[in-house]
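Structure record follows, encoded as structure tokens.
The values are calculated or read from the model by the stated rules, or taken from the named source; none is laboratory data. Bear in mind the structure is a predicted one, so any value in this text is a computation, not a measurement. With ideal geometry, Cβ positions are generated from the backbone for all residues, glycine too; neighbour counts draw on all protein chains shown. These area figures cover heavy atoms from the full protein model, side chains too; ligands, DNA and RNA do not enter into them. Shrake-Rupley method; radii C 1.70, N 1.55, O 1.52, S 1.80 Å.
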Amino acid sequence: MNPILKAENLSHVYGVGTPFEKVAIDNINLEIHENEFIGVIGRTGSGKSTLIQHLNGILRPSSGTLYYDGEDCWAKGFSRNALRFNVGLVFQYPEYQLFEETVEKDIAFGPKNMGLTQNEIEKRVAESLRFVGLDDSVRTASPFELSGGQKRRVAIAGIMAMDPKVLILDEPTAGLDPRGRDEILNKIADYRVEKKSTVILVSHNMEDISRVCSKVLVMKDSRVEMFAPVNEVFERSAELCAMGLNVPQVTRIFLSLKEKGFDVPTSIYTPKQACDAVMKLMGGGER
Amino acid sequence: MSAIITAENITFRYSEGKDIIKNLSLEIEEGDFVAILGHNGSGKSTFAKHLNAILTPSEGKVTVAGLDTSDDNNLAQIRRTVGMVFQNPDNQIIATVVEEDVAFALENLGVEQNEMIRRVDEALETVGMLKFKKHSTTQLSGGQKQRIAIAGVIAMNPRIIVLDEPTAMLDPQGREDVIKTVKKLNEQGVTVVLITHYMDEAAQAKRVVVIDEGEILIDGTPHYVFQNAGLLTSVGLDVPQSTSLMFLLRRYGVKVPLAVLTEDECISVLSDILTRKNAT
Amino acid sequence: MIKDITLGQFFPGNSVIHKLDPRVKIILAALYIAFLFVVQTAVGYAFAIAATLVFVSLTKIPLKMYLRGLKPLLFILIFTALLNVFYSTGEPLVEFWIFKITADGIKNAIFMILRIFMLVIATSMLTYTTSPIVLTNGLERLLSPLSKIKVPVHEFSMMMTIALRFIPTLLEETDKIMNAQKARGADFETGGLIKRAKALAPILIPLFISAFRRADELATAMECRCYTGSSEGRTHLVSYSMSGRDVIALIVVICMIAIAVLLNYVRFFGF
């Protein structure tokens, strides 16, 4: 199967020729396939945000090529606007981009720019409200009267309404409380299943990623350090820790136990896995 | 020890709205480190704003170091006694140079120049930002900005510092640095009130007060509070993974204590049961 | 990108000029401008150019940085120079159609260009060697006597300080919002005037809302740090005291004016 997005030797340098010149991403090679659910993790400044802003053509690579569905996105005649509709990008704190008088008008902004018919727009608005779990009654409300969590959902719905093949979300759970975070993550997961789309989720939180994603992309110092299924990445948990990433508490606990000489697995990242591992070690006889 | 903050049966509502805080009473001891935990919209931030008279109760009374917050004559004294740090680091930094921002409160208070220079340096040293003294505030990371905001507050030598979700907008590194700084302040004798929805931060406090729907749901040491995992999840909060693990092990009949919060505690419990197992 | 624009250009450094008291620097810049208007003869201009070059070299900032500041003015410079050349009285050197070019006209044009050049260099020197915040402080101190006659000097300087602090933040925010709307297919680049003006709403509305929210939060934070809005009883972290360096600089510039006045009586081939 052909990758839906492919980066070939992609590099981006900010402020070329100034004293502030900085390589943000360095020679990235990457293939993203349809219907994958990818988590992107890395420390601040590792190049995550720069990378995802290339994937929908907001940033132009300094060198290298980005392919969408096999086509060079910066070749002559390629429509970047179409790329933005196909690769939807939800920025960090997206609620700060809301501007319309009503929720439905705001969500309709993207579809309108796509030139869809009024009927189709209506359909998209209703559908994406359902995807983010907002009641139909908020349609005519002003987005500025909603709570923080609801505003976030409206903003995400605004991108979902464009029906992108690939949905990218930059820290969609930042600042939300545990319940808000879980709800949004679940909605995104459901959306992907129903739409059969590709989802890329950027997060500082390894627990979030491990809960919903199937693959993890680890960025370090402007490069891709790892790109593998979740369990394979956690098998290298000692490296993740050494990189200063925020690994789950149980992962750190099991790494310490291993160091103390206990024969425990170190690719643990949920309490459930931890419990199973302990029970197995104890012979499982105590049930 | 004596209470430095007392809230007596306070209720708060915006003019016509519903009650955001409902008949809440709370005493905080001098030198304590209290985490106020609650989900977004629980009323925890509204409560925090009562502690230095940004808001005053619709009913009831808040006293800070013996000063009634509803009395306007006390305002200046209350602001010196209670330092506030807010969520968005960008919206509380006033000056473009680090040291000038830290000095802002002292300039307002009319502190004499030599004394001011000394206190600015001291505050920057405490938050570990002394070497950024002459830097521009706009080029700092979120965590660094937040530590500058803390320095700007502690330069006033307040007896209490209230932090209203200071880490909500920070990356993991920034969060860790801020919490370390907060703990250090408490060790130096400052009473700390930390408003948060991160349970791992609350777990590091000496006392945790969980607020839900404007009322106190549960109040006690972190070990006591987090044992009530079911109650916490029912109001949209989390417990540390260590605590969840203990609950799961209990369910399988393994005899482990439930009051396990930190990594170290969990490691020692697990190595204990695994060693015992190997011995038999 | 928008955030690449650098505002209030300041080149940090340690030169003699950098170290001058900001109040003195503001006064010096004013005196220097006065000096440029006193100069009227070729000899005087030669003297002024020499003096300017000496000051530029003292700042240790390359001359080309100063010349860069002249670029946007080039058009106005040429335009006014031409006006001077063509519309002046005196004996014409060349005459055609309605134009006549006189020796006086050429002289005036050259002098005027030189004067504007040096004016720009002098003001650039002030902003290049003084950080915006120090400049604001200097202005506040210098103007503080005016507060006695109810001029809101302190308020003005606080506004300047906050504006300087928030300009980079708001520029960055504009950039973010623009990208977010572009990701929703917003088009800011094509179409007629009305279409483009309309296209700005998705940027301006969120930007205003955010600016008001920031202002609100900042006001609370300032109050929490004991700001009362008045300058009464306020002290300052940074104080400025005039040193020998400042006194010498003042004397030098005053002498320059005196020399310039004298030089006006020295003529060189009648110029």
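In Å², nearest 100, what accessible area do chains C and B bury in total when the solvent probe is 1.4 Å?
Working: alone 17410 and 13680 Å², together 28320 Å².
Using a 1.4 Å probe on protein heavy atoms, the buried area is about 2800 Å².
How many partner chain Cβ atoms sit within 10 Å of a residue's Cβ in peptide C:57-68, on average, as a whole number? All intermediate terms of the calculation are to be shown ahead of the outcome.
Working: counts 0, 0, 0, 0, 0, 0, 0, 0, 0, 0, 0, 0.
Per residue, the number of nearby Cβ atoms from other chains is 0 on average.
At most 11 other Cβ atoms within 10 Å and a DSSP loop assignment: could you name the trypsin sites (Lys or Arg not before Pro) in segment B:73-167 that fit?
Working: sites: B:Arg79, B:Arg80, B:Arg118, B:Arg119, B:Lys131, B:Lys133, B:Lys134, B:Lys145, B:Arg147, B:Arg159; in loops: B:Lys133, B:Lys134, B:Arg159.
Answer in residue order: B:Lys134.
Which order, highest average first, do A:29-36, C:34-41 follow once you tally other Cβ atoms within 10 Å for each residue and take the mean per peptide?
Numbers: A:29-36: 15.8, C:34-41: 18.2.
Taking the mean over residues of other Cβ atoms within 10 Å, the ranking is C:34-41, A:29-36.
Just to confirm, what accessible area per residue do you get for segment B:176-269 at 1.4 Å probe, in whole Å²? Each step should come with its number before you reach the end.
Details: 3640 Å² over 94 residues.
Computed with neighbouring chains in place, this is 39 Å² per residue.
Please compute the Cα-Cα pair-distance distribution of segment A:248-287 with 10 Å bins starting at 0, giving whole percents from short to long.
P(r) for segment A:248-287, in whole percents per bin: 34, 53, 12.
At a 1.4 Å probe radius, carbon and sulfur cover how many percent of the accessible area of segment B:240-280? Walk me through the numbers on the way to the answer.
Details: 1050 of 1990 Å².
Its accessible area is 53 percent carbon and sulfur atoms.
Give, in nm to one decimal, the length gained when the segment between A:Ala238 and A:Phe262 is fully stretched (0.36 nm per residue of separation minus the Cα-Cα distance). Write out the running numbers ahead of the final one.
Values: separation 24, 0.36 × 24 = 8.64 nm, distance 1.54 nm.
Answer, rounded to one decimal: 7.1 nm.
Over segment A:248-287, with the other protein chains present, what is the accessible area per residue in square angstrom, probe 1.4 angstrom? Let's see the in-between values first.
Numbers: 1980 Å² over 40 residues.
Here the residues of segment A:248-287 average 49 Å² of exposed surface.
Rank-order A:103-116, A:189-202 by packing density, defined as the average count of other C-beta atoms within 10 Å over each peptide's residues, highest first.
A:103-116, A:189-202
Could you give the radius of gyration (one decimal) and Dmax (whole number) of the Cα atoms in segment B:11-68, in Å?
Values for segment B:11-68 (Cα only, Rg and Dmax): 11.7, 37 Å.
Highest mean first, how do B:39-45, A:119-125 rank when packing is the count of other Cβ atoms within 10 Å averaged over residues? All intermediate terms of the calculation are to be shown ahead of the outcome.
Values: B:39-45: 21.0, A:119-125: 16.1.
Result, highest mean Cβ count within 10 Å first: B:39-45, A:119-125.
Need one number: buried accessible surface between chains A and B, 1.4 Å probe, both sides summed, DNA, RNA and ligands left out, in Å² to 100. Provide the component values of the computation, followed by the final result.
Working: alone 14400 and 13680 Å², together 24970 Å².
Result for this pair: about 3100 Å² buried.
Let me see the pair-distance distribution of segment C:35-133: every alpha carbon pair, 10 Å bin width, integer percents in order.
Pairs per bin, as whole percents: 14, 38, 30, 13, 4, 0.
What does the helix-only formula give at 222 nm for chain A: each DSSP H stretch with n ≥ 4 adding -39500 (n - 2.57), the total divided by the residues, and the result rounded to the nearest 500 deg cm²/dmol? Present the calculation step by step, with values, prior to reporting the outcome.
Working: 11 runs with 111 residues, N = 287.
Result for chain A: -11500 deg cm²/dmol, rounded to the nearest 500.
Once the principal axes of the Cα atoms of segment B:3-222 are found, what is the range along each, listed largest first in whole angstroms?
47, 40, 32
Rounded to the nearest 0.05, what FRET efficiency do A:Ser142 and C:Glu189 have when you use their Cβ-Cβ distance and R0 = 30 Å? List each step's numbers first, then the result.
Numbers: r = 29 Å, r/R0 = 0.98.
Here the calculated transfer efficiency is 0.55.
Rounded to the nearest 500 deg cm²/dmol, what is the calculated helix-only ellipticity per residue at 222 nm for chain B, with -39500 (n - 2.57) per DSSP H run of length n ≥ 4? Intermediate values should be presented prior to the final figure.
Working: 11 runs with 112 residues, N = 280.
-12000 deg cm²/dmol, from helical runs alone.
Buried by at least 50 Å² relative to the chain on its own: which residues of segment A:141-187 qualify, computing accessible area with a 1.4 Å probe on protein heavy atoms?
Output list: A:Gly175, A:Asp177, A:Pro178, A:Arg179.
Given points 7 Å out from each Cα along the Cα-Cβ axis, report the B:Ser234 to B:Gln77 separation in nanometres with one decimal.
4.4 nm
Just to confirm, what accessible area per residue do you get for segment B:49-166 at 1.4 Å probe, in whole Å²?
On the way: 4070 Å² over 118 residues.
Heavy-atom accessible area per residue stands at 34 Å².
For chain C, which whole percent of the accessible surface, found with a 1.4 angstrom probe, sits on carbon and sulfur atoms? Each step should come with its number before you reach the end.
Numbers: 10910 of 15100 Å².
Solvent-exposed carbon and sulfur of chain C make up 72 percent of the total.
C:Lys71 to C:Ala34: extension gain in nm, 0.36 nm per residue of separation minus the Cα-Cα distance?
Details: separation 37, 0.36 × 37 = 13.32 nm, distance 2.36 nm.
Roughly 11.0 nm would be gained on extension.
Any idea what the relative contact order of chain C is, in percent, if you count C-alpha pairs under 8 Å spaced at least 6 apart?
Details: 227 pairs, mean separation 88.8, N = 271.
Value for chain C: 33 percent.
Using every Cα-Cα pair within chain C, state what percent have a distance larger than 31 Å. Write out the running numbers ahead of the final one.
On the way: 18040 of 36585 pairs.
Considering chain C, 49 percent of its Cα-Cα pairs are separated by more than 31 Å.
Can you compute the modelled spin-label distance between C:Asn14 and C:Leu170, with each label point 7 Å from Cα toward Cβ, in nm?
Rounded to a tenth, the inter-label distance reads 3.7 nm.
Based on the Kirkwood radius over alpha-carbon pairs, what is the Stokes-Einstein translational diffusion coefficient of segment A:1-118 at 25 °C with 0.890 mPa s viscosity, in µm²/s?
My calculation gives 152 µm²/s for D.
Once fully extended, how much extra length lies between A:Lys123 and A:Gln92, figured as 0.36 nm per residue of separation less the alpha-carbon to alpha-carbon distance?
Details: separation 31, 0.36 × 31 = 11.16 nm, distance 2.64 nm.
Between A:Lys123 and A:Gln92, full extension yields 8.5 nm more.
Would you mind telling me the share, in percent, of accessible area of segment A:5-235 contributed by carbon and sulfur at probe 1.4 angstrom?
44 percent
Aspartates and glutamates near A:Lys195 by alpha-carbon distance under 14 Å, same-chain residues fewer than 8 away left out - which ones?
A:Glu34, A:Glu36, A:Glu127, A:Asp163
Just need the Rg to Rh number for segment B:1-114, please, alpha carbons only, Kirkwood Rh.
Numbers: Rg = 15.9 Å, Rh = 15.8 Å.
Over the Cα atoms of segment B:1-114, Rg/Rh equals 1.01.
So how much accessible surface do C and A hide from each other in total, probe 1.4 Å, in square angstrom to the nearest 100?
Buried surface at the C/A interface: approximately 1600 Å².
Which positions within segment C:231-248 get 20 Å² or more of their accessible surface covered by the other protein chains, compared to the chain by itself, with a 1.4 angstrom probe?
C:Gly233, C:Arg234, C:Thr235, C:His236, C:Leu237, C:Val238, C:Ser239
Mind giving me the FRET efficiency for C:Ala197 and C:Thr80? R0 is 45 Å, r the Cβ-Cβ distance, nearest 0.05 is fine. List each step's numbers first, then the result.
Details: r = 33 Å, r/R0 = 0.73.
Between C:Ala197 and C:Thr80 the formula returns 0.85.
Could you give the distance between the Cα centres of segment A:158-182 and segment C:140-191, to the whole Å?
Centre-to-centre (Cα) distance: 31 Å.
Over chain A, calculate the relative contact order: mean separation of alpha carbon pairs under 8 Å at least 6 apart, over the residue count, as a percent.
Details: 519 pairs, mean separation 59.5, N = 287.
With pairs under 8 Å counted, the relative contact order is 21 percent.
What angle do you read, to the nearest 10 degrees and between 0 and 90, between the alpha-carbon axis of helix B:98-109 and the longest principal axis of chain B?
Tilt relative to chain B: about 70 degrees.
What is the log10 of I(q)/I(0) for chain A, computed with the Debye formula using one identical point scatterer on each Cα and no solvent, at q = 0.08, 0.09, 0.13 Å⁻¹?
-0.39, -0.48, -0.94
Once label points are set 7 Å from the Cα along Cα→Cβ at both A:Asp69 and C:Ser239, what is their separation, rounded to one decimal in nm?
7.2 nm
Could you check which residue among C:Leu200, C:Leu171, C:Leu58 shows the biggest mean-square fluctuation in a GNM of chain C with a 10 Å Cα cutoff?
It is C:Leu200.
Rounded to the nearest 0.05, what FRET efficiency do C:Lys60 and C:Ala103 have when you use their Cβ-Cβ distance and R0 = 35 Å?
Details: r = 40 Å, r/R0 = 1.14.
E between C:Lys60 and C:Ala103, to the nearest 0.05, is 0.30.
Take the Cα atoms of segment B:240-280, build their convex hull, and give its volume per residue in Å³.
Working: hull volume 2.3 nm³, N = 41.
For segment B:240-280, the hull spanned by Cα atoms encloses 56 Å³ per residue.
Taking beta carbons within 10 Å but only from partner chains, what does the mean come to for residues B:171-184? Walk me through the numbers on the way to the answer.
Details: counts 7, 9, 5, 2, 2, 2, 0, 0, 0, 0, 0, 0, 0, 0.
Rounded to a whole number, the mean comes out at 2.
Report, as a whole number in µm² per second, the diffusion coefficient that Stokes-Einstein gives for segment B:154-280 at 4 °C and 1.567 mPa s using the Kirkwood radius over alpha carbon pairs. Don't skip to the end; give the middle numbers.
Working: Rh = 16.3 Å.
For these conditions, the coefficient is 79 µm²/s.
Helix A:118-131 versus the longest principal axis of chain A: what is the Cα-based angle in degrees, 0 to 90, to the nearest 10?
20 degrees
I want the local charge near C:Met242. Using Cβ-Cβ distances under 15 Å, sum +1 for each Lys or Arg and -1 for each Asp or Glu among the other residues.
Numbers: positive: C:Lys19, C:Arg23, C:Lys25, C:Arg141, C:Arg245; negative: C:Asp21, C:Asp246.
Its environment carries a net charge of +3.
Relative to the Cα centre, what is the charge dipole magnitude of chain C, using +1 at the beta carbon of each Lys and Arg, -1 at the beta carbon of each Asp and Glu, and rounding to the nearest 20 debye? Let's see the in-between values first.
Numbers: 27 positive and 17 negative charges, 49 e Å.
About 240 debye.
Any of A:Lys151/C:Lys182; B:Lys131/C:Lys60; B:Lys134/B:Lys183 with alpha carbons more than 23 Å apart? Name them for me.
Working: A:Lys151/C:Lys182 19 Å; B:Lys131/C:Lys60 26 Å; B:Lys134/B:Lys183 26 Å.
From A:Lys151/C:Lys182; B:Lys131/C:Lys60; B:Lys134/B:Lys183, over 23 Å: B:Lys131/C:Lys60; B:Lys134/B:Lys183.
Sorted from largest down, what three extents in whole angstroms do the Cα atoms of the protein assembly as shown have along their principal axes?
Result, largest extent first: 115, 71, 58 Å.
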